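Worksheet: the structure to be examined is printed underneath.
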Amino acid sequence: MTSTGPQKVVALSGGIGGAKLALGLSRIVAPEHLTIIANTGDDFEHLGLAISPDIDTLKYTLAGLANAELGWGRGDETWNFMAALRDIGGEDWFNLGDRDLAIHVERTHRLAAGERLTTITKDIARSLGVGPSILPMSDSPVRTCVESDQGRLPFQDYFVRLKCAPVVKALEFEGVEDARPSPEIERALSDPDLRAVIICPSNPLISIDPILAVPGMRSAIANCKAPVIAISPIVAGKALKGPTAKMLDELGFGATASVVADRYRDLLSAYVVEADDYDDCLNAGFPFAIEAARTIMTSLDDREALARTVLATADRVRDGETRTERVTV
């Protein structure tokens, strides 16, 4: 791509899986040109605090502070608060680290004062040294709820407290009908210098669907001038992390890369999959390009390599090269 071509990139992301690709993108896209729209359907209120798990995972990952062993939280964390809470019989099923608490307290205080989540997120990210923009999918609260064989569950109860054990029957995004994309998101998606919109390999049901369910979001993406590229979170019928495959199966969709692609059918210009899933997606007859590449990100080099592949795919689509092809990374 020449220096005079489109430079800006928007990525849609949940937590851990999406944050891996976001980190790869941050290594090859100038910070001022990278915007990440974060899922806030996982947000909830706990112990009187406003918790935004996916936003915080993205912040810690891009700041180089993430806990590589756990996959969430800070790597330099201590747990004195949780130990003291446990000693007095407090609700301890959701871990809050001592350093992590500072962000939750600050967020809660500023939300109570009437500030937008977008502004708060921007300020905290900047204080941590994060260059790219992390934008909540909306400033209005949206809460994912799980209808299950154990009744209706707030998402974090299903995900953390019950460790994804209940059978999922349906998902609902409470409050989404009143949500709207922020002006910052609208500007990012309508920017004439937009190079690509990337749907990260996050859980399509609980990370990407809440973002796309915000009224006006899907149409803004569909109408943007840039190619839209998604990366499959499913490899050979399995999710690399989290309950993606389990949830897809329980809801009757089936856990395949092509099923995920079909959920984004109206938006995509191209879809990037592992080689094992290439033929299945190609044979599905999708009206967009299918490319095979290494999508499993086990190292920092993997993250950067996939980011380069995705952006190269977007450039080829923009230049009119929409053929399907295998890519070796």
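The values are calculated or read from the model by the stated rules, or taken from the named source; none is laboratory data. This structure is a prediction, so every number in the text was calculated from the model and none was measured. Here Cβ is always computed from backbone atoms with ideal geometry, including for glycine, and neighbour counts include all displayed protein chains. Surface areas here come from the heavy atoms of the whole protein model, side chains and all, with no ligands, DNA or RNA. Shrake-Rupley method; radii C 1.70, N 1.55, O 1.52, S 1.80 Å.
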| message | Projecting each Cα onto the charge dipole of the chain (Lys/Arg +1, Asp/Glu -1 at the beta carbon, about the Cα centre), which of 148, 130, 233 comes out farthest on the positive side? | response | 130
| query | If the chain between residue 164 and residue 298 were fully stretched, how many nm would it gain, using 0.36 nm times the residue separation less the Cα-Cα distance? | reply | 45.9 nm
| field | Members of 8/238; 8/246; 20/163; 122/238; 122/169; 20/122 lying beyond 28 Å, as alpha-carbon distances in this model show | value | 8/238; 8/246; 122/238; 122/169
| field | In order through region 274-288: 3J(HN,Hα) via Karplus (6.51 cos²θ - 1.76 cosθ + 1.60), integer Hz, x for Gly, Pro | value | 5, 4, 4, 9, 4, 5, 4, 6, 5, 6, 6, x, 5, x, 8
| request: Report, in debye and to the nearest 20, how large the dipole of region 191-275 comes out about its Cα centre when Lys and Arg carry +1 and Asp and Glu carry -1 on their Cβ. | output: 60
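Whole number in Å², please: accessible area per residue of region 103-193, 1.4 Å probe, ligands, DNA and RNA not counted.
49
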| remark: Within the under-12-Å Cβ sphere about residue 124, not counting residue 124, Lys/Arg +1 and Asp/Glu -1 give a net charge of 0
| field | Where labels lie 7 Å past Cα in the beta-carbon direction, separation of residue 87 and residue 312 in nm | value | 5.6
| remark: Nearest-0.05 FRET efficiency for residue 128 and residue 212 at R0 = 30 Å, using Cβ-Cβ distance, is 0.60
| field | the chain, helix-only ellipticity at 222 nm - DSSP H runs n ≥ 4, -39,500 (n - 2.57), divided by all residues, nearest 500 | value | -10000 deg cm²/dmol
| remark: Percent antiparallel among DSSP beta bridges confined to region 189-327, rounded to 5, stands at 15
| task | Order 109, 46, most accessible first, counting only protein heavy atoms with a 1.4 angstrom probe. | result | 109, 46
| query | Averaged per residue, what accessible surface does region 3-50 expose to a 1.4 Å probe, in Å²? | reply | 31
| In whole percent, how big is the carbon plus sulfur part of the accessible area of the chain, probe 1.4 Å, protein atoms only? | 50
| task | Whole Å is fine, so just give me how far the alpha carbon centre of region 30-83 lies from that of region 87-134. | result | 8
| Rounded to whole Hz, the Karplus (6.51, -1.76, 1.60) HN-Hα couplings of region 163-177, x for glycine and proline | 6, 6, 6, x, 7, 7, 10, 6, 10, 9, 10, 5, x, 5, 5
| query | To the nearest 0.05, how large is the calculated FRET efficiency for residue 79 and residue 279 if R₀ is 41 Å and r is the Cβ-Cβ distance? | reply | 0.30
| said: What's the longest uninterrupted piece of the chain once you rule out the GluC sites (Glu not before Pro) that are loop residues per DSSP with at most 14 other Cβ within 10 Å? | reply: 116-320
| query | What dipole magnitude, in Debye to the nearest 20, does the chain give about its Cα centre under +1 on Lys/Arg Cβ and -1 on Asp/Glu Cβ? | reply | 580
| said: Through the Karplus equation 6.51 cos²θ - 1.76 cosθ + 1.60, θ set to phi - 60°, convert the phi angles of region 94-111 into ³J(HN,Hα) values in whole Hz; use x for Gly and Pro. | reply: 10, 6, 10, x, 4, 6, 4, 4, 4, 5, 5, 5, 5, 4, 4, 4, 6, 4
| said: Given a 1.4 angstrom probe, what's the average accessible area per residue across region 230-329, in square angstrom? | reply: 43
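May I ask you to derive the FRET efficiency for residue 147 and residue 222 from their Cβ-Cβ distance with R0 = 30 Å, giving the value to the nearest 0.05?
After rounding, the FRET efficiency stands at 0.60.
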